[in-house]
Amino acid sequence: MFRDETATVGLPMRMVVLTIVGMAGLAAMIIFIGDMSLVPKTMHADITGIDNSTTSSLLHVNNGTKNVTIRVIDVDGEPVVGATVVFYGLHTSASGMTDSNGNARVNINTSSFSVSGEGYLKLLAKASGFVDYKNDFALKVVDS
C-alpha cells in the first residue's frame with residue numbers, strides 16, 4: 001500500500017525514546033504525589049478565654065486591655081507550635097505566637113476600637129507547613 005518507507009525509518013528508535021521520557025515523567029509524578037510532606041496540613045484556632053475566664057467571645061468598647069487566649073490545633077488535635085495569631089479589624093490589630101501547647105495570649109486594647117453598635121474582629125492564624133486559618137467573626141465587639 002505504501003511504497004515510500006522514509007516515514008518509518010527511525011520510527012522504532014523514536015518510540016523507544018518517547019517511552020523512556022514518558023516513564024521518567026510518570027516516575028517523577030508518582031514521587032511528587034507520594035511525598036505528603038509537600039501538602040500543607042489544616043489547622044483550627046479557638047478562643048479559649050478572655051482574661052483567664054472561659055467567657056464568650058464578646059468584648060466591650062472602652063473596657064481596658066483584655067487578654068485573649070487562643071488555642072491552635074492541627075487536624076489530628078495536636079498543638080501547632082510557633083503559629084502566629086492575629087486579631088484585626090475595626091481600626092485595630094493585635095498579635096501573638098503559640099507556645100509548646102499551642103496556646104497564644106493576645107492583649108487587645110478595647111479603647112482603640114472604631115465601632116458604632118457592634119462589629120467583629122477577624123482572626124488569622126499562620127504557621128509553616130499549614131494552610132492559613134481565618135475566621136471573619138472571631139470576636140464580637142459591642143459599643144457599651
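The values are calculated or read from the model by the stated rules, or taken from the named source; none is laboratory data. Treat the numbers as computed from the prediction; the structure is a model and nothing was measured. With ideal geometry, Cβ positions are generated from the backbone for all residues, glycine too; neighbour counts draw on all protein chains shown. Note: accessible area is taken over every heavy atom of the protein model, side chains too, but ligands, DNA and RNA are not part of it. Shrake-Rupley method; radii C 1.70, N 1.55, O 1.52, S 1.80 Å.
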Unique residue being without any contact (Cβ under 8 Å) to a residue 40 or more places away in the chain and in contact with a Ser or Thr (Cβ under 7 Å, 6 or more places away or on another chain) when the list is 60, 91: 91
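Of the residues that make up the range 82-89, is at least one out of contact with any Leu (no Cβ under 6 Å at 6 or more places or on another chain) and open to solvent by 80 Å² or more (accessible area, probe 1.4 Å)?
Scanning the range 82-89 turns up no residue that is out of contact with any Leu (no Cβ under 6 Å at 6 or more places or on another chain) and open to solvent by 80 Å² or more (accessible area, probe 1.4 Å).
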Single unsatisfied condition, residue 108 versus (1) without any contact (Cβ under 8 Å) to a residue 40 or more places away in the chain; (2) among the hydrophobic types (A, V, I, L, M, F, W, C); (3) in contact with a Lys or Arg (Cβ under 6 Å, 6 or more places away or on another chain): (1)
Filter result for the condition that a residue is within 16 Å of residue 44 (Cα to Cα), at pLDDT below 95 and open to solvent by 70 Å² or more (accessible area, probe 1.4 Å), over 128, 144: 128
Residue count for the range 112-125, restricted to those that are of a type in the set (Ser, Thr, Tyr), farther than 17 Å from residue 85 by Cβ and open to solvent by 70 Å² or more (accessible area, probe 1.4 Å): 1
